[in-house]
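A.B. asks: Mind looking over this structure? Questions follow.
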Amino acid sequence: MGWAQVLTVDNVIRLLVGDLRRGEPGGLLLTLGMSVVGIIGGTVVGVVVGVMRASTSRWLLVPSFLYVQLLRNIPLLVVIFWLYFIPPHFGIETSKFFSVSMALIVFTGAYIAEIVRSGIRSVAPGTVEAAQSLGLKPLQVRLWIVLPQAFFAMIPALTGRYITTVKNTALAYLIGFSEVTEIGREINARLMTAPIEVYTTVLIMYFGVNRCLSALMRTLEDRDRFRRVFIRL
Amino acid sequence: MSYQYNWSILWSDVGLGLLRGTLVTLELVGWILTLALIIGVPVGVLRWVGGRILSPLCWAYVEFIRNTPALVQILFWYFSAAYILPRPVVLVLRDWNFEFAASVIALSLYHGAFIAEVVRAGLQAIPKGQYDAARSLGLRFRQMLRWVIFPQVFRITVPSLTNETVSVIKNTSLALAVGVTELTYQAKYIDAYYFRGVEALAAATAIYLVLCLAMAGVGALYSRSLSRHVKA
């Protein structure tokens, strides 16, 4: 059967870490790396833009609104192409990792901005008034009073977005980046007889990563557990 | 080095290529949306009804699809469809347009899972009194769904279904991976063939923006008109 051909030691190692032995990380390792970059960068961008979206100043509101609307209404693939194929026209060298990471960050950031905005709106106005009457400045209120409370309301939506980000790293294969989908494609092209087995293996790898991710996020969701783990640090 | 813009190129063969790509994209959207609804609505209802065999199966389908990339699913179907589907079907699809068919199968199954979750959430959001009232009026299960539950579910799920449609429009760009000549493929082709990447990609971006925003706008208007008799 095809499984014996697909799940050889060599293939599994390549799927997991790529050509790490020759100094070229790839496979699932690279997928995870890109996911972490996309998730962390996207969250930072998303929090900044989301706070701008929730502000009352027109100078913050209009640019953040345009950014979110633009990025949420075009495919990620188009963003990747903008950042990978267009800069060379202007004489700027691009690297695959940089282009894909930037695309993932700006794309994910736009979605997380909307999550942050609705999270901020879900915080009871009384707590904001209480903080203001204690003499905190507006930015301090946002950062130290509103966002920590909004965080717990945002977790389910963030989990969904993070899972999508992990899934979106697969698009990097379209510009020839050797993450797990690309390695799967290479193995499939070499064997030619076992596409079901090859792609099922790749799908199961993504599935495993995403189930672990949602389990991790669920542990954060419980406020008491979150305090036990993080406040003690 | 500076780039020499030439926007007039969009009014030549290049523009025609983009237009053809847009039509293919819309064709994909039509097929995928129809099939995804046909798959998603029964799966959503089955998950909500619950059963010993079908409900866990539907759960497994939804969970697996939602946690794996659509792109890999397209590749899976493109390479494996010939092994999975019956031979006559494969021959028909091959003569028709195999890349297109594989993308439609993969993305319909993908978005079907998301629509199933939307439908299930909608069914759960209907107050329990509605079910009890329908049953006590003597309606059978199917009559209850048809005349009491679905009209309300439809009204509250229109915003989510609109989102899903926008997401279908965006995900059709993934069909480029197996060589469907949709909009993003055409933009990429123009970049490679005429070296006019900036103009082509800008036009493609604008077309996607118009399609998605128009869809979102229509959905919002429709949702509002459906809810106009309902007090919030």
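A.B. asks: If I ask for residues that are in a helix (DSSP H, G or I), facing chain A (nearest Cβ under 8 Å) and either in contact (Cβ under 8 Å) with a residue 40 or more places away in the chain or buried (at least 20 other Cβ atoms within 10 Å of the Cβ) (or both), which ones from the stretch B:65-88 would you list? Step through it out loud before you land on a result.
C.D. replies: Taking the stretch B:65-88 as the starting set, the residues that turn out to be in a helix (DSSP H, G or I) are B:65-66, B:70-84, B:87-88.
If we keep only those that are facing chain A (nearest Cβ under 8 Å) too, we end up with B:66, B:70-73, B:75-76, B:79-80, B:83-84.
Passing the criteria: B:Arg66, B:Ala70, B:Leu71, B:Val72, B:Gln73, B:Leu75, B:Phe76, B:Phe79.
A.B. asks: Quick one: which residue in B:Thr34, B:Thr22 is more than 14 Å from chain A (Cβ to nearest Cβ) and at pLDDT 95 or above?
C.D. replies: Just one listed residue meets the conditions, B:Thr34.
A.B. asks: Anything in the stretch A:81-97 that is more than 10 Å from chain B (Cβ to nearest Cβ) and touching a Leu at 6+ places or on another chain (Cβ under 8 Å)? List them, or say none.
C.D. replies: Within the stretch A:81-97, A:Thr94 is the sole residue that qualifies.
A.B. asks: Additional query: Given the conditions (1) open to solvent by 30 Å² or more (accessible area, probe 1.4 Å); (2) over 19 Å from the mean Cα position of the chain (by Cα), and given that B:Ser160 satisfies all but one, which numbered condition is not satisfied?
C.D. replies: Every condition holds for B:Ser160 apart from (2).
A.B. asks: Follow-up. Look through B:Tyr185, B:Tyr131, B:Tyr208, B:Tyr193 and report the one residue that is of a type in the set (Phe, Trp, Tyr) and within 18 Å of the chain's Cα centre (by Cα).
C.D. replies: Numbers: B:Tyr185 fails: within 18 Å of the chain's Cα centre (by Cα); B:Tyr131 fails: within 18 Å of the chain's Cα centre (by Cα); B:Tyr193 fails: within 18 Å of the chain's Cα centre (by Cα).
Answer to the check: B:Tyr208.
A.B. asks: If you go through the stretch A:205-220, how many residues are in contact (Cβ under 8 Å) with a residue 24 or more places away in the chain and in contact with a Lys or Arg (Cβ under 7 Å, 6 or more places away or on another chain)?
C.D. replies: 1
A.B. asks: If you go through the stretch B:89-124, how many residues are touching a residue at least 40 places away in the same chain (Cβ under 8 Å), within 12 Å of chain A (Cβ to nearest Cβ) and open to solvent by less than 10 Å² (accessible area, probe 1.4 Å)?
C.D. replies: 1
A.B. asks: May I ask you to say which residue of A:Ile163, A:Ile145 is more than 30 Å from B:Ala177 (Cα to Cα) and either of a type in the set (Val, Ile, Thr) or free of Cβ contacts under 8 Å to residues at least 12 places away in the same chain (or both)? Give the derivation first.
C.D. replies: Working: A:Ile163 fails: more than 30 Å from B:Ala177 (Cα to Cα).
Only one candidate qualifies: A:Ile145.
A.B. asks: Here's a follow-up. For A:Arg117, all conditions in the list (1) within 21 Å of the chain's Cα centre (by Cα); (2) open to solvent by 40 Å² or more (accessible area, probe 1.4 Å); (3) away from chain B (no Cβ under 12 Å); (4) at pLDDT 95 or above hold save one; what is the number of the exception?
C.D. replies: (4)
Table: residues versus (1) open to solvent by less than 10 Å² (accessible area, probe 1.4 Å); (2) more than 25 Å from B:Ser108 (Cα to Cα).
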| site | (1), (2) |
| --- | --- |
| B:Leu145 | no, no |
| B:Lys170 | no, no |
| B:Ser173 | yes, no |
| B:Ala177 | no, no |
| B:Tyr189 | no, yes |
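A.B. asks: Among (1) away from every other protein chain (no Cβ under 12 Å); (2) more than 28 Å from A:Tyr84 (Cα to Cα); (3) out of contact with any Gly (no Cβ under 7 Å at 6 or more places or on another chain); (4) not polar (S, T, N, Q), which single condition is B:Val153 missing?
C.D. replies: For B:Val153, the failing item is (3).
A.B. asks: Looking at A:Ala157, A:Ala150, A:Ala131, can you tell me which residue is closer than 30 Å to A:Leu29 by Cβ and either at pLDDT below 95 or of a type in the set (Asp, Glu) (or both)? If you could, list the steps in order and put the result at the bottom.
C.D. replies: Details: A:Ala150 fails: closer than 30 Å to A:Leu29 by Cβ; A:Ala131 fails: closer than 30 Å to A:Leu29 by Cβ.
Going through A:Ala157, A:Ala150, A:Ala131 in turn, just one is closer than 30 Å to A:Leu29 by Cβ and either at pLDDT below 95 or of a type in the set (Asp, Glu) (or both): A:Ala157.
A.B. asks: Answer yes if at least one residue in the stretch B:187-207 is within 10 Å of chain A (Cβ to nearest Cβ) and farther than 15 Å from B:Gly21 by Cβ, and no otherwise.
C.D. replies: Checking the stretch B:187-207: at least one residue is within 10 Å of chain A (Cβ to nearest Cβ) and farther than 15 Å from B:Gly21 by Cβ.
A.B. asks: Give the residues of the stretch B:219-232 that are part of a helix (DSSP H, G or I) and without any contact (Cβ under 8 Å) to a residue 40 or more places away in the chain, sorted by residue number.
C.D. replies: Step one: list which residues in the stretch B:219-232 are part of a helix (DSSP H, G or I), which gives B:219-226.
Answer for the stretch B:219-232, where residues must be part of a helix (DSSP H, G or I) and without any contact (Cβ under 8 Å) to a residue 40 or more places away in the chain: B:Leu221, B:Arg224, B:Ser225.
A.B. asks: Return yes when B:Leu211 is at the interface with another protein chain (Cβ under 7 Å from one of its Cβ atoms) and surrounded by 20 or more Cβ atoms within 10 Å (Cβ to Cβ) and no when it is not.
C.D. replies: Spelling it out, it is not the case that B:Leu211 is at the interface with another protein chain (Cβ under 7 Å from one of its Cβ atoms) and surrounded by 20 or more Cβ atoms within 10 Å (Cβ to Cβ).
A.B. asks: Then there's this: Residue under question is A:Leu60, and the condition is that it be under 30 Å from A:Val146 (Cβ atoms), without any contact (Cβ under 8 Å) to a residue 60 or more places away in the chain and at the interface with chain B (Cβ under 8 Å from one of its Cβ atoms); does it hold? Break it down into steps so the answer makes sense when it comes.
C.D. replies: On the way: under 30 Å from A:Val146 (Cβ atoms): yes; without any contact (Cβ under 8 Å) to a residue 60 or more places away in the chain: yes; at the interface with chain B (Cβ under 8 Å from one of its Cβ atoms): no.
Against the criterion (under 30 Å from A:Val146 (Cβ atoms), without any contact (Cβ under 8 Å) to a residue 60 or more places away in the chain and at the interface with chain B (Cβ under 8 Å from one of its Cβ atoms)), A:Leu60 does not qualify.
A.B. asks: Next question. Given the condition touching a residue at least 60 places away in the same chain (Cβ under 8 Å) and of a type in the set (Asp, Glu), answer yes or no: does some residue in the stretch A:98-114 qualify?
C.D. replies: yes
A.B. asks: Tell me yes or no: at least one residue of the stretch B:185-204 is among the polar types (S, T, N, Q) and within 20 Å of A:Leu70 (Cα to Cα). Explain how you work it out, then say what you get.
C.D. replies: So the first thing to find is which residues in the stretch B:185-204 are among the polar types (S, T, N, Q), and the list is B:186.
Adding the requirement that they be within 20 Å of A:Leu70 (Cα to Cα) leaves none.
Taking every residue of the stretch B:185-204 in turn, none turns out to be among the polar types (S, T, N, Q) and within 20 Å of A:Leu70 (Cα to Cα).
A.B. asks: Go through the stretch A:143-233 and tell me which helices (runs of 4 or more DSSP H), entirely inside it, have 2 or more residues that are surrounded by 18 or more Cβ atoms within 10 Å (Cβ to Cβ). Outline the logic, then answer.
C.D. replies: Values: elements: A:147-168, A:180-191, A:195-221, A:223-226.
Per the criteria, A:147-168, A:180-191, A:195-221.
A.B. asks: Give me the pairs, please: first residue somewhere in the stretch A:186-204 and under 21 Å from B:Arg66 (Cβ atoms), second residue anywhere and open to solvent by 10 Å² or more (accessible area, probe 1.4 Å) and hydroxyl-bearing (Ser, Thr, Tyr), beta-carbon distance under 7 Å, and either six or more positions apart or on two chains.
C.D. replies: What qualifies is A:Ile196/B:Tyr83.
A.B. asks: Still on this structure: Note down all Cβ pairs under 8 Å where the first residue falls in the stretch A:21-41 and is farther than 11 Å from A:Thr165 by Cα, the second is among the basic types (Lys, Arg) and open to solvent by less than 50 Å² (accessible area, probe 1.4 Å), and they're at least six residues apart or on different chains.
C.D. replies: Taking only residues 6 or more apart or on different chains, the pairs are A:Gly26/A:Arg14; A:Gly27/A:Arg14.
A.B. asks: Hey, another quick one. Considering the stretch A:171-228 alone, what residues qualify as being at the interface with chain B (Cβ under 8 Å from one of its Cβ atoms), of a type in the set (Lys, Arg) and touching a helix residue (DSSP H, G or I) at 6+ places or on another chain (Cβ under 8 Å)?
C.D. replies: A:Arg185
The values are calculated or read from the model by the stated rules, or taken from the named source; none is laboratory data. Keep in mind the model is a prediction, meaning the values are calculated, not measured. Note that we place each Cβ from the backbone using ideal geometry, even for glycine, and neighbour counts take in every protein chain shown. For the accessible areas, the whole protein counts, side chains as well, though only heavy atoms, and no ligand, DNA or RNA atoms are used. Shrake-Rupley method; radii C 1.70, N 1.55, O 1.52, S 1.80 Å.
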